[in-house]
1. Looking at the range 178-197, is at least one residue in a loop (DSSP other than H, G, I, E, B) and touching a strand residue (DSSP E or B) at 6+ places or on another chain (Cβ under 9 Å)?
2. Give the range 67-79 a look and list any residue that's among the hydrophobic types (A, V, I, L, M, F, W, C) and within 19 Å of the chain's Cα centre (by Cα), or say none.
3. Looking only at the range 163-177, which residues are closer than 21 Å to residue 103 by Cα, in a helix (DSSP H, G or I) and not acidic (Asp, Glu)?
4. So residue 65 clears everything in (1) in contact with a strand residue (DSSP E or B) (Cβ under 7 Å, 6 or more places away or on another chain); (2) surrounded by fewer than 16 Cβ atoms within 10 Å (Cβ to Cβ); (3) among the acidic types (Asp, Glu) except one condition, right? Which one?
5. Can you name every residue in the range 125-160 that is in contact with a helix residue (DSSP H, G or I) (Cβ under 8 Å, 6 or more places away or on another chain) and modelled with pLDDT under 95?
6. Quick one: what pairs do we get from the range 144-163, first residue assigned by TED's automatic domain parsing to the domain that holds residue 100, second outside any helix (DSSP H, G or I) and of a type in the set (Lys, Arg), C-beta under 9 Å, 6+ apart or different chains?
7. What's the total number of residues in the range 224-255 that are within 16 Å of the ligand (Cβ to nearest atom) and either in contact (Cβ under 8 Å) with a residue 12 or more places away in the chain or in a loop (DSSP other than H, G, I, E, B) (or both)?
8. Please report, ordered by residue number, the helices (runs of 4 or more DSSP H) entirely within the range 19-93 with at least 2 residues that are within 27 Å of residue 105 (Cα to Cα).
Amino acid sequence: MIYHRVALIGLGLIASSMAHAMRRAGAAGEISGHARSAETRAVAREIGLCDRVCDSAAEAAEGADLVVLCTPVGVMGAVAAEIAPALKPGATLSDVGSVKRSVIRAVAPHVPPGVHFVPAHPLAGTEYSGPRAGFATLFDNRWCILVPEGADRAATDRLAAFWRALGANVDEMDADHHDRVLAVVSHTPHLIAYTMVGVAEHLEIVTESEVIKYSASGFRDFTRIAASDPVMWRDVFLSNRDATLDILGRFTEELFVLQRAIRMGDGALLHDYFTRTRAIRRGIIEAGQDTPVPDFGRSAVGQAGE
Ligand code: NAP
């Protein structure tokens, strides 16, 4: 056991996967949880997700050794303010938000003295959300990035041990670097997928039935990513604005290079370009970062999210 009591605030995909993974590993003595809506709390109780599902975030956090904010990033500051008086001295406060600098800016001012704030981000997800979406193997062989930024060393090491018990590999980074890396590997690709699906929707010459019928040609993978939770992704782009806009600018420049090569019939450029991108794909497979998520009869064939 790594923590006697763990509290999960927000009970969606990530929190429910953490609960299953904690049980698998025996990483927590007791798991308490809270979600905003009565419906989600009722589902969590029905499926026995936590040992205790509480009607308030403060009640769930009270007395916990580890409290993890698992809500969309846009509300983490408000949730931290709400639970701050209930946090016990010596406890660790963490989160799983996909953006780190804005979360630190919003949460840090509310952290009481004696509580260790160690932000984190598990790079694992699917396009599903809610308390029923979680599964114990979500974090297996994925990376969890800790962003301690001066936090207590022992508290950081303990949180790292916790994430390793949940199946993840652990790295540390500063928040700005994290946000830039994620803009490249996750945030901008999601924006491009949303855009491509939007393009198909607005294209009048391709009927809706044709889009669906021929989707295996590549479009299907975009739709899977573009099915990711709208609230979560709205918050991600608004919170990681600068890095995403920078990478999007670079993406647009590259797109113009390819557009020009197509117009000029420059096959050599296209061939060289696609040869380099294929090597990146092979590197991902060799690093074991392409294992599909389990299919719970939902026809998920890959891994969207992070
Ligand atoms: P999710 O499945 O949509 O669940 C979000 C949960 O937060 C729901 O239980 C929701 O409650 C609750 N919530 C929202 N506002 C709240 C509030 N003010 N107070 C208390 N609870 C509140 O989301 P998720 O995919 O697990 O994502 C959670 C966090 O993990 C996000 O910050 C996201 O950036 C990060 N993350 C996501 C992924 C991914 O691919 N999905 C990967 C890594 C990290 P209700 O159901 O009652 O509305």
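The values are calculated or read from the model by the stated rules, or taken from the named source; none is laboratory data. What you see is a predicted model, and the numbers here were worked out from it, not measured in a lab. Every residue, glycine as well, gets a Cβ built from its backbone with ideal geometry; the counts of neighbours run over all protein chains shown.
1. no
2. Residues satisfying the conditions are 67, 68, 69, 70, 73, 75, 76, 79.
3. 163, 175, 177
4. The one condition residue 65 does not meet is (2).
5. 125, 126, 127, 128, 129, 149 - these are the residues of the range 125-160 that are in contact with a helix residue (DSSP H, G or I) (Cβ under 8 Å, 6 or more places away or on another chain) and modelled with pLDDT under 95.
6. 145/100; 147/100; 149/100
7. Of the residues in that region, 18 qualify.
8. So the answer is 57-61, 76-83.
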